[in-house]
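Heads up, the thing below is written out as structure tokens.
Quick note: the coordinates plus some simple rules give every number you see, no bench work behind them. For clarity, every value in this text was computed on a predicted model and none was experimentally measured. Cβ placement follows ideal geometry from the backbone for every residue including glycine, while neighbour counts extend to all protein chains displayed.
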Number of protein chains: 2
Amino acid sequence: MREAYHDQLGQLADRLADMCAMAAGAMESATTALLEADLGLAEQVISNDAKIDDVRASIEEQAYALLALQAPVATDLRTVLAVIHAAESVERMGDLALHVAKAARRRHPQQVLADDVKPYFAEMGRIAVKLAGDATEIIRTQDVDRARALEDEDDAMDDLHRHLFSVIMDKEWAHGVASAVDTTLLGRFYERYADHAVSVAKRTVFVVTGRMPGYGGDENV
Amino acid sequence: MREAYHDQLGQLADRLADMCAMAAGAMESATTALLEADLGLAEQVISNDAKIDDVRASIEEQAYALLALQAPVATDLRTVLAVIHAAESVERMGDLALHVAKAARRRHPQQVLADDVKPYFAEMGRIAVKLAGDATEIIRTQDVDRARALEDEDDAMDDLHRHLFSVIMDKEWAHGVASAVDTTLLGRFYERYADHAVSVAKRTVFVVTGRMPGYGGDENV
């Protein structure tokens with residue numbers, strides 16, 4: 001009985017990891033769509049988002065059923081709750097990739113981004129996808145040390161995000177208001193995505209250690 | 001024994017309602033600070049945010065203890081889970097009010113907003129605070145019909161947010177790039193805040209009915 005229960009718990013974590021990998025793939029494609037004004041790729045991300053939402057709904061349902069039927073305690077309880085929370089964060093990551101793809105579609109065939117900010121987005125995209133990939137592995141392996149290392153990547157994202165702002169706000173900005181607005185929102189989408197990926201990893205640490213590493217602030221605009 | 005347990009559950013919901021009222025107050029003050037360049041009020045919102053975060057941490061702890069010690073089922077289980085989720089959303093609402101206050105502080109003694117967009121923010125602020133106040137009442141009363149009515153308020157917020165964008169993106173925009181960027185982010189903070197307030201109310205509906213009204217999308221940039 002308990003055996004079957006642990007199988008279900010493992011299955012739940014596997015599905016969460018799969019979902020996180022989907023969100024990583026969505027952001028990778030969305031970034032390419034953005035940088036290369038690739039409409040087909042943008043459309044693909046947009047239509048695939050519903051799949052991520054479905055996986056989330058089904059993970060949550062399965063988690064609730066586990067809680068109700070098995071009344072887990074201690075680490076098992078923490079695992080189920082962490083999965084519910086993490087699934088919510090991963091769904092948001094999917095939504096943010098969707099926003100990026102929609103921006104690419106909205107301006108097509110024009111480029112959304114001015115050439116001088118593209119390198120920022122190439123790098124923010126790389127970090128975002130790496131963070132989501134790392135979070136996927138951390139869910140699978142429960143590797144606490146690796147989860148802690150994500151903070152550095154997230155700091156790199158925050159630095160890029162800050163630099164990007166100084167570029168947009170600079171008096172030399174020559175691309176007009178509409179482009180500044182698009183660039184501002186897109187920058188925020190990447191920064192939020194990274195934040196959610198880190199929070200997914202932190203939840204995993206919580207499961208293993210029973211202590212949540214400091215959380216509570218989203219101090220980065 | 002069960003009696004004491006239901007007292008604890010009621011207490012938990014009360015604390016969540018108090019926390020939601022704090023987030024409403026934070027947004028009300030932050031909006032005034034923004035519209036009137038009131039530094040003292042901005043500082044107050046900024047320093048009070050830690051209190052909201054503390055309440056959230058303590059609600060989550062209490063909820064986990066309830067789950068672990070009492071292993072609730074059915075409606076009780078759903079209530080505890082809804083509280084955990086809602087506390088996360090309310091903490092985000094506090095963070096968003098914090099961002100508004102920080103924008104007011106950053107530009108002080110200058111005004112952040114151009115005169116022609118101020119009415120948008122006065123109205124978005126009013127709706128945001130009303131939604132948070134309504135969510136507070138819904139947590140206290142479990143009034144399902146009232147929760148459904150929040151959707152209309154949220155639609156009004158989305159409309160304002162869309163109009164605001166068309167003002168910023170208009171060729172007539174005369175306030176420069178930096179102001180457009182600030183205005184864009186601030187608009188998004190209000191829109192996200194409203195979204196979270198509605199999701200708190202929806203979670204309450206879920207507790208009462210066992211069915212989550214359609215969720216999954218944040219379709220509004």
query = Using 16 Å as the cut-off for backbone N distance, which residues of the range A:40-83 belong to the label zone defined by a point 7 Å from the Cα of A:ALA4 along Cα→Cβ?
reply = A:65-72
note = A:TYR120 neighbourhood, Cβ < 15 Å, K/R = +1, D/E = -1, net charge -4
key: Among A:ALA82, A:ALA24, A:ALA174, residue whose mean-square fluctuation peaks in a GNM of chain A (springs only between Cα atoms under 10 Å)   = A:ALA174
ask   = How large is the charge dipole for the range B:80-187, taken about the Cα centre, if only the Cβ atoms of Lys, Arg (+1) and Asp, Glu (-1) carry charge, to the nearest 20 debye?
value = 600
message = With +1 assigned to the C-beta of every Lys and Arg and -1 to the C-beta of every Asp and Glu, and no other charges, what is the dipole magnitude of the range B:2-209 about the Cα centre in debye, to the nearest 20?
response = 340
task = Bin all alpha-carbon pair distances of the range B:2-209 at 5 Å intervals from 0 and give each bin's fraction as a whole percent.
result = 1, 8, 16, 18, 17, 13, 10, 7, 5, 3, 1, 1, 0
task = Identify, for chain A, the residue whose C-beta comes nearest the rotation axis onto chain B, and round that distance to whole Å.
result = A:ALA71, 2
ask   = Going by a ≥ b ≥ c, the root eigenvalues of the Cα gyration tensor, does the protein assembly as shown fall in the rounded group (a/c under 1.5), the prolate group (a/b larger than b/c) or the oblate group?
value = oblate
Span-rule helices in chain B, defined as complete DSSP H runs reaching 15 Å or more along the axis (Cα) with Kyte mean at least 0.0 = B:39-70, B:74-107, B:118-141, B:176-209
query = Averaged across the residues of A:68-76, what count of C-beta atoms belonging to other chains lies within 10 Å of each residue's C-beta?
reply = 3
ask   = Taking the highest mean first, how do the peptides A:61-68, A:100-107 order by number of other beta carbon atoms within 10 angstrom per residue?
value = A:100-107, A:61-68
ask   = Quick one: which of A:LYS118/A:LYS171; A:LYS102/A:LYS171; B:LYS118/B:LYS202; B:LYS102/B:LYS202; A:LYS130/B:LYS51 span more than 26 angstrom between C-alpha atoms?
value = A:LYS102/A:LYS171; B:LYS118/B:LYS202; B:LYS102/B:LYS202; A:LYS130/B:LYS51
ask   = How would you classify the range A:1-75 from its alpha-carbon gyration tensor, with a ≥ b ≥ c the square roots of the eigenvalues: rounded for a/c under 1.5, else prolate if a/b is greater than b/c, otherwise oblate?
value = prolate
query = Size of the dipole of the protein assembly as shown about the Cα centre, Lys and Arg at +1 and Asp and Glu at -1 on the beta carbon, nothing else charged, in debye to 20?
reply = 260
query = How many nanometers, to one decimal and shortest first, lie between the label point of B:ALA71 and those of its other copies, if labels sit 7 Å from Cα toward Cβ?
reply = 0.4
